[in-house]
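Here the structure comes first, spelled out in structure tokens, and everything after it is commentary.
The values are calculated or read from the model by the stated rules, or taken from the named source; none is laboratory data. Computed from a predicted model, the values in this text were never measured in an experiment. Quick reminder, even Gly has a Cβ in these numbers, built from the backbone with ideal geometry, and neighbours come from all protein chains shown. Only protein heavy atoms, including side chains, enter the accessible area calculation; ligands, DNA and RNA are left aside. Shrake-Rupley method; radii C 1.70, N 1.55, O 1.52, S 1.80 Å.
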Amino acid sequence: MAPSFVEIAQLGKTYDTPTGPAVIVRDFTLAVCEGEFVCIVGHSGCGKSTVLSILMGLNLPTTGGVVIGGREIDGPGTDRGVVFQAATLLPWLTVGDNVQIALDQVADRSSGATAEAYLAAVGLAGMANRYPRELSAGMQQRVGIARAFALEPRLLLLDEPFSLLDALTRMDLQDELMRLWETTRRTVIMVTHDVDEALLLADRVVMMTNGPAATIGDVLDVPFARPRAREDILTRPDYFWMRDQIVGFLEAQADA
Ligand SMILES: Nc1ncnc2c1ncn2[C@@H]1O[C@H](COP(=O)(O)OP(=O)(O)O)[C@@H](O)[C@H]1O
Ligand SMILES: [Mg+2]
């Protein structure tokens, strides 16, 4: 069997607080295959962003470690594309230049696709000369996704990228992300608290227990064939069974 592309081993994070050490995440162990799409769900504050920020290299684990493509990570890198809740674009640059910065970072291994092409792939053809302030929040988030894909990263790390958007925009962007993923098959680890989003996008849904000392409570395989269409999934008899598994897990956490 091929070794896993991402190996997260016994990851733990403890913060020093005025009232003593606070164990936020403990013993988080997960192996992700190349090309797999994994969603992490869990209640607000359980430690999802903590795990993701460690994978991004923006935060150091207290215990355990992360190996990506055979190399232990020791900081941020262009092998990983990241998207946060709100797009973090540079306001003094056009959106084209915001994407171009990512392209410049990986010029030595670039496939030659232009910033314009990446923008077109997220539905922003012809918008390269606009400034972020001229775009809606949803369009800015599209630019953020274009920029992450422009790195042609081996791993995409998305932390609730659509949670601040209205429902219709969110659906558009989910479809856009799904299409991009179909054509590139990058490995994705995405945090979401939207159960339907996780079932639409993921090959596996990782459920985190509530903190303190949160860890993986359960993992659900999502066997829906690809490419997926929202309408097809919703009419599958096992869709609601799977939805119940996740919602039931989250409800049990809330009651615990
Ligand atoms: N720098 C920090 N120092 C102390 N506690 C922190 C720090 N960063 C996050 N936390 C705590 O860690 C917990 C998990 O936060 P987070 O990973 O952001 O959760 P989630 O993304 O699941 O909502 C929260 O209780 C938060 O208050
Ligand atoms: Mg978070």
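What residue, among those in the stretch 221-255 that are basic (Lys, Arg) and in a helix (DSSP H, G or I), is nearest to Asp175 (Cα to Cα)? Before you say what the answer is, go through the steps one by one.
The first filter runs over the stretch 221-255 and keeps only residues basic (Lys, Arg), leaving 226, 228, 230, 236, 243.
In the following step, the residues that additionally are in a helix (DSSP H, G or I) were identified as 230, 243.
Numbers: Arg230: 9, Arg243: 19 Å.
That would be Arg230.
Select from the stretch 15-37 the residues that are away from ligand 2 (no atom under 16 Å from the Cβ), among the β-branched types (Val, Ile, Thr) and in a strand (DSSP E or B) and write down the one among them that is farthest from Val66 (Cα to Cα).
The selected residue is Thr17.
Consider Arg109 carefully, then state whether it is touching a strand residue (DSSP E or B) at 6+ places or on another chain (Cβ under 7 Å) and surrounded by fewer than 19 Cβ atoms within 10 Å (Cβ to Cβ).
Details: touching a strand residue (DSSP E or B) at 6+ places or on another chain (Cβ under 7 Å): no; surrounded by fewer than 19 Cβ atoms within 10 Å (Cβ to Cβ): yes.
So Arg109 fails the test.
Looking at the stretch 48-62, can you tell me whether even one residue there is under 20 Å from the mean Cα position of the chain (by Cα), surrounded by fewer than 21 Cβ atoms within 10 Å (Cβ to Cβ), in a strand (DSSP E or B) and away from ligand 2 (no atom under 16 Å from the Cβ)?
Checking the stretch 48-62: not a single residue is under 20 Å from the mean Cα position of the chain (by Cα), surrounded by fewer than 21 Cβ atoms within 10 Å (Cβ to Cβ), in a strand (DSSP E or B) and away from ligand 2 (no atom under 16 Å from the Cβ).
Mind listing whichever residues of the stretch 1-22 are closer than 15 Å to Gly211 by Cβ and of a type in the set (A, V, I, L, M, F, W, C)?
Result: Leu11, Ala22.
Just one of Gly70, Gly81, Gly75, Gly96 is in contact (Cβ under 8 Å) with a residue 60 or more places away in the chain and open to solvent by less than 30 Å² (accessible area, probe 1.4 Å); which is it? Working first, answer last.
Working: Gly70 fails: open to solvent by less than 30 Å² (accessible area, probe 1.4 Å); Gly75 fails: in contact (Cβ under 8 Å) with a residue 60 or more places away in the chain; Gly96 fails: in contact (Cβ under 8 Å) with a residue 60 or more places away in the chain.
Exactly one residue qualifies, and that residue is Gly81.
Could you grab me the full set of residues in the stretch 75-115 that are out of contact with any Leu (no Cβ under 9 Å at 6 or more places or on another chain) and over 23 Å from Glu160 (Cα atoms)?
If the condition is that a residue be out of contact with any Leu (no Cβ under 9 Å at 6 or more places or on another chain) and over 23 Å from Glu160 (Cα atoms), then Trp92, Leu93, Thr94, Asp104, Ala107, Asp108, Arg109, Ser111, Gly112 are the ones that fit.
Of all residues in the stretch 182-198 being in contact with a strand residue (DSSP E or B) (Cβ under 6 Å, 6 or more places away or on another chain) and away from ligand 2 (no atom under 16 Å from the Cβ), which is modelled with the lowest pLDDT?
Arg186
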